[in-house]
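Novice: My questions all concern the structure below.
Read-outs: derived from the displayed coordinates by stated rules, not from any lab. Note that the structure is a prediction, hence the values are computed from the model and not measured. A quick note on method: Cβ atoms are made from the backbone with ideal geometry, for glycine too, and the neighbour counts reach across all protein chains shown.
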Amino acid sequence: MDVERDPLLQCLVLLTEQNNRPCTPQVLTEGLPLESGRLTPKLFLRAAARGGFSARLAQRRLGELPNLLLPAVLLLEGEGACLLQSVDEDAGEAEVVQPESGGAARMTLQSLENVYTGYVIFVRPEYRLGEQSSRVLGDRDGHWFWGTLWRSARIYRDVLLASVLINLFVLANPLFVMNVYDRVVPNHAVETLWVLAIGVGVVYLFDFGLKMLRSYFIEVAGKKSDVLLSARLFEKVMGLRYDAMPSSVGAFASNLREFDSIRNFLSSTTNTVLIDIPFMLLFLVVISLIGGPLVIIPAMAVPLILLYALAVRPALRRSIERTFSSTAQKNGTLVESLTAMETLKTQRAASPMQVRWEEAVGYIARWGLRSRMLSASVVSFAGLVQQLASVLLVIGGVYMIMEQDLSMGGLIACVILSGRAIAPLAQVASLIANYEQSLKALKTLDEIMALPDEHEADRHYVHRPDFKGGVAFKEVDFTYPGTEYGALKSVSFSVQPGEKVALIGRIGSGKSSIQKLVMGLYQPTAGAIAIDGIDLKQIDPSDLRRSIGYVPQDVMLFAGTVRDNITIGLPQATDKQILRAARMSGVEAFVNQHPLGFDMPVGERGSALSGGQRQAVALARALLHEPAILILDEPSNAMDNASEEYLRRQLKTFARERTLLMVTHKMSLLDLVDRLIVIDDGCVLADGPKDSVLEALKQGRLQVRR
């Protein structure tokens, strides 16, 4: 990361140092969607939160910045930025810190005004509560979902105001009809008819405009919340502790995709029904004013529909939950089949997958049918009640007209208002179905948001700009999540900075587990791991992995080009860095033979490359940022002898002053190391100079379990 090209990031790093909360640039920006490798003012707010700060972007004149709010970050012309430390209006000077130099300097307010854009970012440290206080007071941002919705409170307030006016305008039609029947027709008052018609026409125009505005406001609020929630959800997923990741990727992806149902529920215009339902009371009041006792009929119809909807809800919830679970299982089967298509075809294993797929689809169809039938029953029941209410109103109205207690126009108005009062309830069924699905999705996403982060917000990490490469294990036990058998048992060893060590042993002995623990992907069940004498738990994962180059045994590439995959962890890498890494890893050999060079497509998961080529690309991206610690897990198992020999020579030069921790079964690669650690059944069987350990193995003095 080229920090010198990012003045905003430099300002933030300086602020963390000034407030005794030093953070490295990598920690502050890890996972953020940087634009051209730089922070934007909006991204600055998110990065500041990672450093324990609350930040706000505002537009202020230079003379409106009191010293109480300083230091603050000023946005300057040419995408520049500086720290404003203090302002001395009497002397007409300001103390600023230029990120390029890092030192404070005084300059005139006029000079500063000439380059100041008028935008400032106010930054203040967040008070860190103790664990008990945090548990009592909760998160400062509130619930991840409801807190985000609250940001759109003003928009929903406008929606509510528009709904009030829209429902008031509903009264225009029945009152217009009533006056026409009762006054215009008997008196042949044509002039009054036109006056009433023009008036109600104006009301309808306003009603149309307000309905369009209400729909627009709902969509805007939904879009705003969708962007914020989606970003927060994906950031959470990217920051999950590796040992907390769900076992089924497909089911996990399906659960994440259920966020769409929440988004649709928020932005759907059917939500206006929820707002319209309380206005049933208004219509009932107007019916009582016009028709007197006739109000009893719609007043009884409303709770009747609600009671039926509530009675159906438990069964509807059960069917939706089972559909939800089956959909996750179905998606898991689909993703697993697509990612393992080659294996399914070569091993003739399509039949079991077809069985799993059809079982899931049949289960979804069965419970989906039940959900739709329950929803349809509420709609049909509401329609039946509405029709019966209209008939009963007419019957009751006729008797009142005969007693001269009600006019013809009044009866028609009551029928219209009754239909308007009951109509929203007819949509309750779809609302209940959408609500239950959204509620289930929200509960699932709540569980995901409650999963542990690998970057613990309350932990004060020891930030290091770089590492020398020392690694130490002390009585480390480790068991993979969901298993009972320990992968490592009382493992102890230490690796000095710059030392070259190979971990050897039979398959499943625990070699790769040691490497994953060093990477911080898992935490030991017992014991301690230290890097340069610092407990691994005290090191921010971003700082740790910035200093480690890791090549896994199973290489995963992403759809895109060779260049994209090499620079995926360092997008700002220069061509010189890319060429150097490609030359050392052997990538240069095959990209130079392709007409597109480094723009050569690799296909999804690297399917367009051979196994050896994929390993070469993985090595290139591990070597690109010149790490202090190099961790290799069978780095040449897919390479031919010539490629392996070339790689061995390059790594010997590259790792000369770096720590190397390698897992291999190939004797040829042992030329890179000076020391061997033999792992057997999760324990250290032998640890010593390479020649001594190899001789002991050859003579049978070390007995490896079979």
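Novice: Which of 143, 188 comes first, and how do the rest follow, when ranked by fewest Cβ neighbours within 10 Å? Walk me through the numbers before you get to the answer.
Specialist: On the way: 143 13, 188 8.
Ranking 143, 188 by Cβ neighbours within 10 Å, fewest first, gives 188, 143.
Novice: What percent antiparallel are the DSSP beta bridges of the chain, to the nearest 5? Before the final figure, lay out the partial values.
Specialist: Working: 47 of 64 bridges.
Taking every DSSP beta bridge with both residues in the chain, the antiparallel ones total about 75 percent.
Novice: Ok, one more. Roughly speaking, what is the stretch gain from residue 494 to residue 215, that is 0.36 nm per residue apart minus the C-alpha to C-alpha distance, in nm to one decimal?
Specialist: Numbers: separation 279, 0.36 × 279 = 100.44 nm, distance 6.46 nm.
Full-extension gain reported as 94.0 nm.
Novice: Taking R0 as 45 Å, what's the FRET efficiency between residue 462 and residue 649 from their Cβ-Cβ distance, rounded to 0.05? Walk me through the numbers before you get to the answer.
Specialist: Details: r = 37 Å, r/R0 = 0.82.
That pair, residue 462 with residue 649, gives E of 0.75.
Novice: Still on this model: In whole Å, how far is the Cα centre of segment 348-388 from that of segment 549-577?
Specialist: First find each Cα centre; the distance between them is then 45 Å.
Novice: Next question. In a solvent-free Debye calculation with one equal scatterer on each Cα, what is log10 I(q)/I(0) for segment 542-632 at q = 0.17, 0.20 Å⁻¹, listed in the order of the q values?
Specialist: These q points yield log10 I(q)/I(0) values of -0.63, -0.89.
Novice: Evaluate the distance, in nm, between pseudo-label points positioned 7 Å from the Cα of residue 554 and of residue 696 along their respective Cα→Cβ axes.
Specialist: 3.3 nm
Novice: In which sequence would 243, 226 go, from the one with the fewest C-beta neighbours within 10 Å to the one with the most? Please report the intermediate quantities before stating the final value.
Specialist: On the way: 243 14, 226 18.
With the sparsest Cβ surroundings first, the list reads 243, 226.
Novice: Expected output is a single nm value to one decimal: the length gained when fully extending between residue 104 and residue 399, i.e. 0.36 nm times separation in residues minus the C-alpha distance. What is it? Walk me through the numbers on the way to the answer.
Specialist: Values: separation 295, 0.36 × 295 = 106.20 nm, distance 9.07 nm.
Here the segment from residue 104 to residue 399 would lengthen by 97.1 nm.
Novice: Among the trypsin sites (Lys or Arg not before Pro) within segment 1-100, which fall in a DSSP loop and have no more than 13 other Cβ atoms within 10 Å of their own Cβ?
Specialist: Numbers: sites: 5, 38, 42, 46, 50, 56, 60, 61; in loops: 60, 61.
Here the sparse-neighbourhood loop sites are 61.
Novice: Which of the chymotrypsin sites (Phe, Trp or Tyr not before Pro) found in segment 486-575 are in a DSSP loop and have at most 14 neighbouring Cβ atoms, other than their own, within 10 Å? Walk me through the intermediate numbers first.
Specialist: Numbers: sites: 493, 522, 550, 558; in loops: 522, 558.
Of the chymotrypsin sites (Phe, Trp or Tyr not before Pro), the ones in loops of segment 486-575 whose Cβ has at most 14 other Cβ atoms within 10 Å are 558.
Novice: With equal scatterers on the alpha carbons only and no solvent term, can you work out the Debye log10 of I(q)/I(0) for segment 145-252 at 0.12, 0.14 1/Å?
Specialist: Log10 of I(q)/I(0), two decimals: -0.64, -0.74.
Novice: Still on this structure: Determine the equivalent ellipsoid of segment 582-685 by diagonalising the alpha-carbon gyration tensor, then write out the semi-axes as square roots of 5 times the eigenvalues, largest first, rounded to whole Å.
Specialist: Working: eigenvalues 143, 46, 32 Å².
In descending order the semi-axes read 27, 15, 13 Å.
Novice: A further question on this structure: Tell me which label goes with the value of Kirkwood radius over Cα pairs in Å computed from the coordinates here: (1) 31.5; (2) 29.2; (3) 28.2.
Specialist: The listed entry that was calculated here is (1).
Novice: To the nearest 500 deg cm²/dmol, what mean residue ellipticity at 222 nm is calculated for the chain from DSSP H runs of n ≥ 4 alone, each contributing -39,500 (n - 2.57), summed and divided by the residues?
Specialist: Working: 26 runs with 372 residues, N = 706.
Roughly -17000 deg cm²/dmol at 222 nm, from the helical runs in the chain.
Novice: So what J values fall out for segment 569-579 if you push phi through Karplus, 6.51 cos²θ - 1.76 cosθ + 1.60 with θ = phi - 60°, rounded to Hz, Gly and Pro as x?
Specialist: 3J(HN,Hα) across segment 569-579, in whole Hz: x, 8, x, 8, 4, 7, 4, 4, 5, 4, 5.
Novice: Order these by the 10 Å Cβ neighbour count, fewest first: 588, 113, 336. Don't skip to the end; give the middle numbers.
Specialist: On the way: 588 19, 113 13, 336 16.
In order of increasing Cβ crowding within 10 Å: 113, 336, 588.
Novice: Which of 325, 390, 631 sits farthest toward the positive end of the charge dipole of the chain, with +1 on the Cβ of Lys and Arg and -1 on the Cβ of Asp and Glu?
Specialist: Going by the Cα projections, it comes out as 325.
Novice: Sticking with the crude label model, points 7 Å out along Cα→Cβ, report the distance from residue 681 to residue 143 in nm, one decimal please.
Specialist: Result for the modelled spin labels: 5.2 nm.
Novice: With θ set to phi - 60°, apply the Karplus curve 6.51 cos²θ - 1.76 cosθ + 1.60 along segment 464-479 and write out the HN-Hα couplings as whole Hz, x wherever there is a Gly or Pro.
Specialist: My calculation for segment 464-479 gives 10, x, 7, 10, 7, x, x, 10, 9, 10, 10, 6, 8, 10, 8, 10 Hz in order.
Novice: If you don't mind, another one. Using C-alpha positions alone, give me the convex hull volume of segment 494-575 per residue in cubic angstrom.
Specialist: Working: hull volume 12.4 nm³, N = 82.
In segment 494-575, the Cα convex hull volume per residue is 151 Å³.
Novice: Could you give the dipole magnitude of the chain about its Cα centre, charging the beta-carbon of Lys and Arg +1 and that of Asp and Glu -1, in debye to the nearest 20? Each step should come with its number before you reach the end.
Specialist: Details: 72 positive and 74 negative charges, 348 e Å.
Dipole of the chain, to the nearest 20 debye: 1680 debye.
Novice: Within 10 Å of each candidate Cβ there may be at most 12 other Cβ atoms; applying that plus a DSSP loop requirement, which GluC sites (Glu not before Pro) in segment 71-112 survive?
Specialist: 89, 100
Novice: Between residue 157 and residue 307, take the C-beta separation as r, use R0 = 25 Å, and let me know the FRET efficiency to the nearest 0.05. Could the numbers behind the result be given before it?
Specialist: Numbers: r = 32 Å, r/R0 = 1.27.
Efficiency, from the Cβ-Cβ distance: 0.20.
Novice: Residue farthest toward the positive end of the dipole of segment 185-253, with Cβ of Lys/Arg at +1 and Asp/Glu at -1: which of 253, 240, 230?
Specialist: 240
Novice: Another one. Please find the FRET efficiency linking residue 357 to residue 568, where r is the Cβ-Cβ separation and R0 is fixed at 45 Å, and quote it to the nearest 0.05. Numbers along the way, then the final one.
Specialist: Details: r = 33 Å, r/R0 = 0.73.
Result of the calculation: an efficiency of 0.85.
Novice: Which one, 96, 121, 86, projects farthest toward the positive side of the charge dipole computed for segment 84-124 from Cβ point charges (K/R +1, D/E -1)?
Specialist: Checking the options against the dipole of segment 84-124, the answer is 121.
Novice: A further question on this structure: How big is the charge dipole of segment 654-705 about its Cα centre, in debye rounded to the nearest 20, if each Lys and Arg gets +1 on its Cβ and each Asp and Glu gets -1 on its Cβ?
Specialist: On the way: 8 positive and 8 negative charges, 19 e Å.
Dipole magnitude for segment 654-705 comes out near 100 debye.
Novice: With axes computed from alpha carbons, what is the tilt in degrees of helix 350-402 against the longest principal axis of the chain, rounded to the nearest 10 within 0 to 90?
Specialist: 20 degrees
Novice: With each pseudo-label sitting 7 Å past Cα toward Cβ, what's the residue 506-residue 191 distance in nm, one decimal?
Specialist: With each label point 7 Å from Cα toward Cβ, the separation is 11.0 nm.
Novice: Subtract the Cα-Cα distance of residue 247 and residue 19 from 0.36 nm times their separation in residues, and report this length gain in nm to one decimal. Walk me through the intermediate numbers first.
Specialist: Details: separation 228, 0.36 × 228 = 82.08 nm, distance 4.09 nm.
Value of the extension gain: 78.0 nm.
Novice: Now a separate question. In whole Hz and in residue order, list the ³J(HN,Hα) couplings for segment 612-626 that follow from phi through the Karplus curve 6.51 cos²θ - 1.76 cosθ + 1.60, θ = phi - 60°; x for Gly and Pro.
Specialist: With the stated coefficients, segment 612-626 comes to x, 5, 4, 5, 5, 5, 4, 5, 4, 6, 6, 8, 4, 8, 6 Hz.
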